[in-house]
Each structure stands twice: as C-alpha cells, then as structure tokens.
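*Asks:* Let me give you the structure first, and then I'll get to my questions.
The values are calculated or read from the model by the stated rules, or taken from the named source; none is laboratory data. The shown structure was predicted, so the numbers you read here are calculated from the model rather than taken from an experiment. In this analysis, Cβ positions are derived from the backbone assuming ideal geometry, glycine residues included, and neighbour counts consider all displayed protein chains. Note: areas computed on protein heavy atoms with side chains; ligands, DNA, RNA excluded. Shrake-Rupley method; radii C 1.70, N 1.55, O 1.52, S 1.80 Å.
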Amino acid sequence: MEDEYAKLIRRMNPPRVTIDNNSSADATVIQVESVNKPGILLEVVQVLTDLNLVITKAYISSDGRWFMDVFNVKHRNGNKVRDEGVISYITKILESDAYYVPSLESSVGLKPSLDYTSIELAGSDRPGLLSEVCAVLADLSCNVVNAEIWTHNTRAAAVVNVTDDMMGRAIEDPERLSTIKNRLCNVFKGNNDLKTAKMTVSPPGSMHRERRLHQIMFADRDYEKTQQEDINRLKAEVSVLDCIEKDYTVITMRCKDRPKLLFDTVCTITDMQYVVYHGVVHTGKMEAYQEYYIRHIDGIRISSEAERERVMKCLEAAIERRTSEALELELCAEDQVGLLSDITRIFRENSLCIKRAEITTENGKAKDTFYVTNTTGDSPVDPRTIDSIRKQIGQNTVLDVRWNSSPKKATREETTMGYFFGHLFKFQMG
C-alpha cells in the first residue's frame with residue numbers, strides 16, 4: 001500500500017502541465033511539474049510516445065521530492081501540436097492523479113471484457129520464424145487481432161493477441177491453451193538453441209506492450225554478444241562514468257536518431273532499477289544525444305566494473321532492438337482468418353526475413369507493418385522481389401514500400417551538443 005503521507009503530499013501539490021506553442025519556433029514545449037515518485041519519468045515519456053509525438057529535446061530534474069521536466073515535441077510530419085483535442089488529452093492525462101494508464105492499443109494482457117488472449121513468446125530467431133508461428137496459429141483456429149514482434153542479436157520476442165476464429169472471443173480452455181503453448185514452443189526453439197523457448201499467457205492487467213517486449217528480451221539476455229553479431233550495424237556510443245563530487249553515475253548515449261528512442265532508453269534504465277535525477281536529451285539532423293545522472297533505486301551509484309559493463313550492454317541493446325536498416329513494408333487489406341499466415345508465407349517464399357513487425361486490425365481492416373531484409377541481410381532487397389510479392393498478394397491488398405537509402409555518417413556540424421551538464425557537474429572515472 002502506498003504511504004498515506006505521500007498521497008497527502010500529492011493531493012496538496014497536484015500535477016501541473018503547461019503546453020506552450022510560442023516560446024519555440026519549431027516545437028511545442030510541454031512542462032510537467034509534480035511530486036516525485038518512482039517511474040514518473042517513464043510514465044510521462046510513455047504518454048507522449050503513445051501519441052506518436054517526436055521528442056526533440058528534454059530537460060529532466062527530479063532531485064528530492066519534486067519532479068520538473070520540459071519536453072520539446074512535434075508531430076512526425078514536423079508540425080507543432082496545435083490540435084485542441086490532443087492538447088486537452090495531454091493535460092487531462094498528465095494532471096490526473098491516476099494518469100499514466102497505458103492505452104488499449106499498447107497494452108498486454110486480457111481486457112476486462114475478455115476480448116482476446118494475450119500470448120508472450122521468446123526464443124531463437126531464424127528466417128521464416130514469423131511465418132511458422134502464423135501458420136501454427138491458423139492451424140489451431142486462432143485469429144491474430146494484433147501483435148508486435150522484435151528480433152535482436154539472434155533472439156526473438158513477441159506479444160500476440162489472439163481470438164478463437166469462430167467465436168471471436170478470448171481462448172480460455174486450459175487444454176487448448178496447453179496445445180497452443182506446446183506447438184508454439186516447438187516453433188520458437190531452434191535446432192541448436194541451448195536456451196528453452198518460452199510462452200506465457202498474460203494474466204489480466206495493463207502492462208504496456210512495448211515495455212513488456214523490452215522486459216522479455218532483457219530476461220532472454222539478448223544484450224549478450226554473439227558470434228553472429230552484425231559487424232556492419234551502426235553502433236551506439238554508450239558510456240558510463242562517475243560523478244564523484246555529486247555522487248551520481250553519468251550515462252551518455254550518442255546514436256542515430258529515430259522514433260521512440262527516448263522511451264526505449266528510459267524504459268531500460270527504469271526496469272534495471274535505476275532512477276534518473278537529472279538529464280538532457282537533444283536531437284540533431286542525424287543524431288540523438290542523451291545524458292542522465294542516475295543512482296540505483298537504493299540511492300547508490302554504480303560501483304563495480306561488471307555492473308558498469310552490464311548497463312552499457314543493456315542500453316546498447318535497448319537502442320538496437322528498434323534500429324534497423326531493413327526495408328519497411330506497410331500492408332493494408334480486408335481482415336480475414338489466415339491473412340497473416342498467407343502474407344508471411346509469401347515473404348518467406350520470396351526469401352525475405354522479417355526483422356520486426358507490428359500487426360493491427362480495426363473495423364475489419366488489417367494494417368500491418370513489416371521490416372524486412374533478404375536472408376543474408378547484407379544487401380538491399382531487390383525491387384523485383386517486391387514486384388513478385390505484389391502479384392502474389394493480389395489487387396485487393398495494398399502494399400506500400402519505403403525505400404531507405406543507406407544512412408551516412410553524421411558530421412560534427414550535424415551532431416548534437418556535447419556534455420550539457422559539464423559546467424554544472426565535474427565527473428571522472430573512479
């Protein structure tokens with residue numbers, strides 16, 4: 001039970017949100033002030049991220065009992081947030097005492113109405129894996145309502161929400177769930193995998209889906225290096241230093257900018273039981289820079305070299321899980337049982353490997369996004385392969401392709417600021 005005194009303090013000092021479209025030329029400035037509590041930074045970032053807002057700058061201060069953060073945000077098309085409905089929603093959610101309730105679109109677990117069964121999977125990645133999973137679910141009369149699949153460092157994780165394809169409701173029969181588990185675990189366990197594939201059925205609840213995927217991959221130790229690691233992958237620069245004078249550990253990260261980057265790193269820091277006391281985030285044309293002053297939840301800074309290395313590896317993994325030079329394919333079609341199984345089979349038969357996928361259905365429409373490479377992953381997907389896929393999926397299915405050119409190395413003029421708090425705190429290796 002929460003401390004009654006903490007509840008009283010919050011009632012006396014309710015959260016305050018200020019949304020300003022005048023002080024910045026190219027972004028909406030959102031300031032959040034509140035009584036401090038564990039996990040509050042992640043919860044605020046989650047609200048903004050779930051609205052598909054891009055956080056271009058952030059200034060974080062939560063030392064002591066008070067939390068005050070400033071975020072510069074904009075829509076993905078570069079426009080400020082001017083819609084009164086969105087502004088009202090942000091203010092209402094962030095000023096509510098019970099805010100930070102994840103949206104249904106991003107949740108894991110059974111809805112109160114038992115609309116679907118939520119399945120979590122973890123195991124070895126390999127070409128054609130998603131196709132095999134979808135084929136098994138279709139064979140077991142399961143309809144995929146929505147799903148998200150991540151792969152990283154030879155590991156794969158998925159959260160899949162399914163219904164019975166005849167009744168359109170959650171699957172609750174224990175014997176049938178046991179059959180689904182056994183079949184899917186067989187699929188997820190690779191021939192040479194020394195780790196056991198895992199499948200669980202989520203209990204009723206509201207864990208944020210993307211946060212849950214980070215937790216699944218972290219538990220599967222995807223941050224450990226393997227011999228199959230892609231040496232051509234764009235690497236993040238992560239450092240973990242000591243600020244002895246102020247008794248903080250200082251984490252700095254420099255990497256290619258992308259959507260949801262801040263959520264991914266803050267999520268990992270929080271789930272590793274660290275607290276951000278001060279921080280800054282700044283994005284340039286090509287690059288994002290993050291700097292955080294942290295301590296463990298028990299108030300102690302990182303003291304061992306082993307823990308320092310572990311934090312660096314875990315943050316590198318958090319950045320890389322959604323960083324992909326894969327080709328983005330967006331598919332729109334009338335939803336029908338077996339559609340996902342057919343589409344992923346066509347991809348596999350055309351030698352495409354799915355590195356990440358987001359599956360959604362709404363009002364009888366399926367809108368799926370796939371990030372694909374060829375089976376070797378070392379060369380661009382041939383346009384003739386896409387033409388072949390379009391012919392096979394038929395005219396009633398729309399397939400949009402986003403051809404990404406190879407990213408160039410950011411020049412110093414395009415990179416972000418250096419150590420923002422360098423003039424405030426002096427730190428050194430200890």
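*Asks:* Before we move on, is ILE386 closer than 23 Å to ASP139 by Cα, open to solvent by less than 60 Å² (accessible area, probe 1.4 Å), aliphatic (A, V, I, L, M) and not in a strand (DSSP E or B)?
*Replies:* Numbers: closer than 23 Å to ASP139 by Cα: no; open to solvent by less than 60 Å² (accessible area, probe 1.4 Å): yes; aliphatic (A, V, I, L, M): yes; not in a strand (DSSP E or B): yes.
Spelling it out, it is not the case that ILE386 is closer than 23 Å to ASP139 by Cα, open to solvent by less than 60 Å² (accessible area, probe 1.4 Å), aliphatic (A, V, I, L, M) and not in a strand (DSSP E or B).
*Asks:* Name the single residue that is farthest from TYR292 (Cα to Cα) among those in region 57-71 being open to solvent by less than 20 Å² (accessible area, probe 1.4 Å) and touching a residue at least 40 places away in the same chain (Cβ under 8 Å). Full working, then the answer.
*Replies:* Of the residues in region 57-71, the ones open to solvent by less than 20 Å² (accessible area, probe 1.4 Å) are 58, 60, 62, 67, 69, 71.
Filter once more, so that each one left must be touching a residue at least 40 places away in the same chain (Cβ under 8 Å): 58, 60, 62, 71.
Numbers: ALA58: 11, ILE60: 9, SER62: 11, PHE71: 15 Å.
Selected residue: PHE71.
*Asks:* Which of the residues belonging to region 272-287 are within 21 Å of the chain's Cα centre (by Cα) and closer than 17 Å to VAL240 by Cα?
*Replies:* Within region 272-287, MET272, GLN273, TYR274, VAL275, VAL276, GLY279, VAL280, VAL281 qualify.
*Asks:* Which numbered condition trips up GLU43, out of (1) acidic (Asp, Glu); (2) assigned to a strand (DSSP E or B); (3) open to solvent by 20 Å² or more (accessible area, probe 1.4 Å)?
*Replies:* (2)
*Asks:* So which pairs qualify, if the first residue must be in region 263-286 and within 21 Å of ARG209 (Cα to Cα), the second must be open to solvent by 30 Å² or more (accessible area, probe 1.4 Å) and part of a helix (DSSP H, G or I), the Cβ gap must be under 7 Å, and the two must be at least 6 apart or on different chains?
*Replies:* CYS267/ARG211; ASP271/GLN215; ASP271/PHE218
*Asks:* Take the conditions open to solvent by 10 Å² or more (accessible area, probe 1.4 Å) and either of a type outside the set (A, V, I, L, M) or farther than 21 Å from ASP63 by Cβ (or both) and apply them to TYR274. Does it pass? Steps first, please.
*Replies:* Details: open to solvent by 10 Å² or more (accessible area, probe 1.4 Å): yes; either of a type outside the set (A, V, I, L, M) or farther than 21 Å from ASP63 by Cβ (or both): yes.
The answer is yes for TYR274.
*Asks:* Another one. Please specify each residue of region 85-116 satisfying the condition of being in contact with a strand residue (DSSP E or B) (Cβ under 6 Å, 6 or more places away or on another chain), at pLDDT 60 or above and under 20 Å from ARG211 (Cβ atoms).
*Replies:* Selection gives LEU94, TYR116.
*Asks:* Right, another one. Going by the structure shown, is THR344 open to solvent by less than 50 Å² (accessible area, probe 1.4 Å) and at pLDDT 90 or above?
*Replies:* Criteria met by THR344.
*Asks:* Within region 407-429, can one find any residue that is in a strand (DSSP E or B), more than 21 Å from the chain's Cα centre (by Cα) and at pLDDT 85 or above? Spell out how you get there, then give the answer.
*Replies:* Taking region 407-429 first, the residues in a strand (DSSP E or B) are 428.
Checking which are more than 21 Å from the chain's Cα centre (by Cα) leaves us with 428.
So of that shortlist, the ones also at pLDDT 85 or above come out as none.
Looking for residues that are in a strand (DSSP E or B), more than 21 Å from the chain's Cα centre (by Cα) and at pLDDT 85 or above, one finds none in region 407-429, hence no.
*Asks:* May I ask you to list pairs of residues, at least six apart or on different chains, whose Cβ atoms are under 8 Å apart, with the first in region 161-184 being of a type in the set (Asp, Glu) and the second being open to solvent by less than 40 Å² (accessible area, probe 1.4 Å) and assigned to a loop (DSSP other than H, G, I, E, B)?
*Replies:* ASP164/ALA170; ASP164/ILE171
*Asks:* Here is a follow-up. Considering region 149-165 alone, what residues qualify as being in contact with a strand residue (DSSP E or B) (Cβ under 9 Å, 6 or more places away or on another chain) and surrounded by fewer than 23 Cβ atoms within 10 Å (Cβ to Cβ)? I'd like the intermediate steps shown before the answer.
*Replies:* First, the residues of region 149-165 that are in contact with a strand residue (DSSP E or B) (Cβ under 9 Å, 6 or more places away or on another chain): 149-152, 154-165.
Listed by number, the residues that qualify are HIS152, THR154, VAL162, THR163, ASP164, ASP165.
*Asks:* Just checking, which of ARG183, ARG169 is among the charged types (D, E, K, R), more than 20 Å from the chain's Cα centre (by Cα) and modelled with pLDDT of 90 or more?
*Replies:* Details: ARG169 fails: modelled with pLDDT of 90 or more.
Result: ARG183 is the single residue among ARG183, ARG169 that is among the charged types (D, E, K, R), more than 20 Å from the chain's Cα centre (by Cα) and modelled with pLDDT of 90 or more.
*Asks:* Quick check on ARG356: is it closer than 30 Å to CYS134 by Cβ, of a type outside the set (Val, Ile, Thr) and touching a residue at least 12 places away in the same chain (Cβ under 8 Å)? Walk me through how you get there before you give the answer.
*Replies:* Values: closer than 30 Å to CYS134 by Cβ: yes; of a type outside the set (Val, Ile, Thr): yes; touching a residue at least 12 places away in the same chain (Cβ under 8 Å): yes.
In short, yes.
*Asks:* Hey, another quick one. Suppose we filter GLU291, GLU325 for residues that are of a type in the set (D, E, K, R) and open to solvent by less than 40 Å² (accessible area, probe 1.4 Å); which single one remains?
*Replies:* Details: GLU325 fails: open to solvent by less than 40 Å² (accessible area, probe 1.4 Å).
On inspection, the qualifying residue turns out to be GLU291.
*Asks:* Further question: For region 296-308, enumerate the residues that are acidic (Asp, Glu) and open to solvent by less than 80 Å² (accessible area, probe 1.4 Å). Show your work before the answer.
*Replies:* Let us first name the residues in region 296-308 that are acidic (Asp, Glu), namely 298, 305, 307.
Across region 296-308, the qualifying residue is only GLU307.
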